[in-house]
1. If a residue must be closer than 27 Å to ARG250 by Cα and exposed (fewer than 13 other Cβ atoms within 10 Å of the Cβ), how many such residues does region 199-215 contain?
2. Please go through region 296-342 and give me each residue that is of a type in the set (A, V, I, L, M) and either within 30 Å of LYS163 (Cα to Cα) or open to solvent by less than 10 Å² (accessible area, probe 1.4 Å) (or both), ordered by number.
3. Against the conditions (1) open to solvent by 10 Å² or more (accessible area, probe 1.4 Å); (2) more than 8 Å from the ligand (Cβ to nearest atom), where does TYR361 fall short? Just the number, please.
4. Just to verify a result, which residue in region 318-350, among those that are at pLDDT 95 or above and among the hydrophobic types (A, V, I, L, M, F, W, C), is farthest from TYR204 (Cα to Cα)?
5. All but one of (1) out of contact with any helix residue (DSSP H, G or I) (no Cβ under 7 Å at 6 or more places or on another chain); (2) more than 12 Å from the ligand (Cβ to nearest atom); (3) open to solvent by less than 60 Å² (accessible area, probe 1.4 Å); (4) within 16 Å of GLU46 (Cα to Cα) hold for ALA146; which doesn't?
6. Please find, among ILE227, ILE221, the residue that is at pLDDT 95 or above and under 19 Å from PRO179 (Cα atoms).
7. Scan (1) touching a residue at least 40 places away in the same chain (Cβ under 8 Å); (2) more than 30 Å from THR288 (Cβ to Cβ); (3) in contact with a helix residue (DSSP H, G or I) (Cβ under 9 Å, 6 or more places away or on another chain) for the single condition HIS155 breaks and write down its number.
8. Which residues, counting only those in region 402-437, are in a helix (DSSP H, G or I) and over 25 Å from the mean Cα position of the chain (by Cα)?
Amino acid sequence: MSTSTVTNKSSLDQLSTKITVVGAGLAGSECALQLADMGYSVLLYEMRTQTMTEAHKTGDFAELVCSNSFGSLSPESAPGQLKWEAETLNSYILKIAKQNQVPAGQALGMDREAFARNVSQVVKQHPRIEICHDVVTSLSQIQTPAVIATGPLTHPELAEDLKKHFGDEFLYFFDAIAPIIDTDSINFDIAWKADRYDKGTADYINCPMDKEQYENFIREITAARKIEPKHFETTNFFEGCMPIEVMVERGPETLRFGPMKPVGLRNPKTGRDAHACVQLRQDNKDATAYNIVGFQTRMAYGEQTRIFRMIPGLENAEFLKLGSIHRNLFINTPKRLNADLSSQNNPMLFFAGQITGVEGYFESASIGLLVAHFVDQKIKNQAPSIPPRDSLLGSLLNAITDPERAENFQPTNVNFGLFPPMSDHNGKKIRDKATKKKLQIERAQKAFLQWSSELGKNHQGSLNN
Ligand SMILES: Cc1cc2nc3c(=O)[nH]c(=O)nc-3n(C[C@H](O)[C@H](O)[C@H](O)COP(=O)(O)OP(=O)(O)OC[C@H]3O[C@@H](n4cnc5c(N)ncnc54)[C@H](O)[C@@H]3O)c2cc1C
């Protein structure tokens, strides 16, 4: 890619500018749709089904490779706030997710197949998006302006070329996937449906364990054969997607304080709380499949079937998909990208999604949305309009671009810790957590609305509409 292309492109008229987007995942699909709506022609590359990744199973765009949830919709939570901000910017991915929602308590769960099929349709039907089902193996293959949104499982040849482009090693860690079970194979003489503290609409299936069953279960997980990653010497796991066996290594009680937490789940068959409780979440609209919440694992397949059938209620479980482990690749964004997520080596080469060091489906889609605006601004020779630091999108962007984070750069999902500190009117620290969060959300919404109105957008209504 030559720098002269970059200079020429920056003065081109919007309607005649063709923008390349590589990767039709969560970030690439959102980015392509936003750019096309702005009036640009988009050439969208997606290598599947010609070449598959280790985790994707279909040729559909925005395929969800593991859980079928975008996390909480609660307006008091960080994921809920990110959705509010993305909705303010008219996120396509959020709209389509809501159209394919399945019951999942406070979370935005989706029928994974219907969702991805729907995203594919919307992208393919957009008159300004042209699809090319080729693998991009080198940057020289594409025209700028371009957005690389090839995700954590970027094709190895492109990853090599990106390494050359940036002049240093990519970072990596490992992710694991949780198993999915055929609903008809769950034993409801033992399992029951309920939400924690009976807060929601009884969306989760709960499988109780007594102390002895729990201890046997932990013993078997400890002894089980695990699949070790081949390509790297050390294994870094992202905290939010840690395999259960790695949690068990931290202590036998860890699962009881994590995915097997029994609190707020009184067993109606015994009238008591169990010693530990496994939860399953609906995986598709027809409720024919459920995934085991938080049970991502790299145990060998045979071991998974044997050990997970020890869970009361899952004695005869039929596994539609077993857990597995995958590499996850990202750029050291604070060192290598500009504040608008363009390369420091080529200002018309942008990056979006998980490859920039955000973690999570919806975080990836949100960065895709934001980058569409950055591309538009650069083409128009405008300075990038960075979302305010008080907003969650601004805080997320800050978390991946702040040079102070470059040394031990680790992917991040959204959480309250990303926000700037919050003090009361007298400049004193607010100690009450709930009050602090409420004020942080209020401050975020105010700042975001002001910023987004400058982008010419208006909030389209409340999340739960
Ligand atoms: C195994 C695994 C499990 C995960 N589980 C979860 C989870 O449960 N919940 C969660 O919130 N997040 C999860 N994540 C993290 C992350 O949010 C998702 O990976 C998310 O899909 C990232 O979005 P993206 O758009 O950046 O990448 P992707 O959605 O992966 O999209 C990238 C696209 O680029 C295509 N592509 C790659 N290379 C090329 C190339 N050279 N040429 C053309 N096309 C190319 C791919 O086929 C893919 O369609 C998981 C990640 C992994 C790897």
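1. 2
2. Looking only at region 296-342, we keep the residues that are of a type in the set (A, V, I, L, M), and these are 299-300, 307, 310-311, 314, 317, 320, 322, 325, 329, 331, 337, 339, 341.
If the condition is that a residue be of a type in the set (A, V, I, L, M) and either within 30 Å of LYS163 (Cα to Cα) or open to solvent by less than 10 Å² (accessible area, probe 1.4 Å) (or both), then MET299, ALA300, ILE307, ILE311, LEU314, ALA317, ILE325, LEU329, ILE331, LEU337, ALA339, LEU341 are the ones that fit.
3. It is condition (2) that TYR361 fails.
4. Looking at the filtered set, the residue picked out is MET348.
5. (2)
6. Only one candidate passes the filter, namely ILE221.
7. It is condition (3) that HIS155 fails.
8. Step one: of region 402-437, the residues in a helix (DSSP H, G or I) are 403-405, 416-418, 433-437.
Within region 402-437, LYS433, ALA434, THR435, LYS436 qualify.
The values are calculated or read from the model by the stated rules, or taken from the named source; none is laboratory data. Because the structure is predicted, anything quoted here is derived from the model rather than measured. Note that we place each Cβ from the backbone using ideal geometry, even for glycine, and neighbour counts take in every protein chain shown. All accessible areas refer to the heavy atoms of the entire protein, side chains included, with ligands and DNA or RNA removed. Shrake-Rupley method; radii C 1.70, N 1.55, O 1.52, S 1.80 Å.
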